[in-house]
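Asks: Here it is, the structure, as structure tokens.
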Amino acid sequence: MRHKKDIRKLGRNKSHRKSLLRNMAISFFQNKKIMTTEAKAKQLRTVVERLITTGKKQDLASIRKVNSYLNHPATTKIVMDLGQKFKERNGGYTKIIKVDRRRGDASKMAIIQMVE
């Protein structure tokens, strides 16, 4: 049975997938927008929204939790600022916009960006 197994493996092992999502999250928080494949965007959404929700608490434990995942001090500050910005919002901090297929391999592409 596949109950509660909602992770997409993305054709990678666990450590590679973790570092991929960590790097994508860092660049997402720095640029506020990323163009990637649809599957990666959907998986990145869960990571980003959990980090912002954790950052909304603004206590030492949540700062350390976000910093331990991102391991990038400038990005941790951005997440804490976004937590204050979305304080009244109960989730749904990002949106995914589907775009045309990639020319080389016809992969489904999407843009993931912050909701303003």
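Asks: With +1 on the Cβ of every Lys and Arg and -1 on the Cβ of every Asp and Glu, and nothing else charged, how large is the dipole of the chain about its Cα centre, in debye rounded to the nearest 20? Numbers along the way, then the final one.
Replies: Working: 30 positive and 9 negative charges, 108 e Å.
Value, rounded to 20: 520 debye.
Asks: Which of the listed residues, I52, N90, S68, is farthest toward the dipole's positive end in the chain, when Lys, Arg count +1 and Asp, Glu count -1 at the beta-carbon?
Replies: Towards the positive end, the residue furthest out is S68.
Asks: Taking the Cβ-Cβ separation of K33 and Q58 as r and a Förster radius of 41 Å, what is the calculated FRET efficiency to the nearest 0.05?
Replies: Computed FRET efficiency for K33 and Q58: 0.95.
Asks: Using the Cα gyration tensor of the range 14-114, with a ≥ b ≥ c the square roots of its eigenvalues, what is the shape: rounded (a/c below 1.5), prolate (a/b larger than b/c) or oblate (neither)? Walk me through the intermediate numbers first.
Replies: Values: a/c = 2.54, a/b = 1.69, b/c = 1.51.
Prolate is the answer for the range 14-114, as a/c is 1.5 or above and a/b outweighs b/c.
Asks: Mind checking which lysines have their C-alpha under 21 Å from K85, skipping anything on the same chain fewer than 8 residues away?
Replies: K32, K33, K56, K57, K65, K77, K95
Asks: With the chain treated as a Gaussian network of Cα nodes joined by springs under 10 Å, which of V47, V99, V66 yields the largest mean-square fluctuation?
Replies: Checking each option, the largest mean-square fluctuation is seen for V99.
Each reported figure results from applying straightforward, stated rules to the coordinates on display, with no laboratory input. Source: prediction; values computed, not measured. Here the Cβ is made from the backbone with ideal geometry for all residues, glycine too, and neighbour counts use every protein chain on show.
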